[in-house]
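Taken together, the values in this text are just the output of simple stated rules run on the coordinates, not laboratory data. None of these values were measured; they are calculated from a predicted model. FYI the Cβ positions are ideal-geometry reconstructions off the backbone, even for glycines, and counts take in every protein chain you see.
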């Protein structure tokens, strides 16, 4: 098998050389070996090895960082969910505390009203004598009778039934028997005064006896006494 005769080239300039090298790639490789040193020839290989050695761990670190970022995103999402849950729990707690405050206030009020009923002579004895609490069953029957007789309306009867205490007594300075329409409240306010006035008027219609509206409380503002001069306010000292 004979070897193909190589083409001869006449080189006059740089472009002739380039054309010859393009047409004969093996010449280019031989020329490279002549021009470049061994180290330079090895440089691409060494550079590839360098990249493999130095940047592969970096690539691994980047992947780890991406994974950590995804975990962080998940944790932030979970934290947001927990915060929303906490907000809802706080709102529920606030409502529960509000209900608890109302319940405590009602409990204090009920306990105070019971004490006033049980110890009426002691609480009212400074202002009146022969203090007697009229049982609710007695004046409830009286309200029924006067409504049936057309003396009071059904609305007035319902209003009067909510009175805390009805007391029969006398002033110290005379012998006339009077009634006290009493609203007992741990902390007195305008509503207590208004209720006492309205209910005292109804019981006057029922019994045809002078009826004094009274508000008895542990916490009592002097402003109320100025605002409602028709009402007798009695402050109970702390025990």
Ranked on Cβ counts within 10 Å of their own Cβ, fewest leading, 182, 131 go 131, 182
For the modelled label position 7 Å from the Cα of residue 198 along Cα-to-Cβ, which residues of region 135-161 have backbone nitrogen atoms closer than 13 Å?
155-161
Region 187-220 residues near the modelled residue 151 label - backbone nitrogen below 16 Å, point 7 Å along Cα→Cβ
199-212
Neighbour-count order for 128, 203, 47, fewest beta carbons within 10 angstrom listed first
47, 128, 203
Residues residue 91 and residue 225, FRET efficiency given R0 of 30 Å [Cβ-Cβ distance, rounded to 0.05]:
0.15
Fewest-first sequence of 74, 8 by Cβ atoms within 10 Å of each Cβ
8, 74
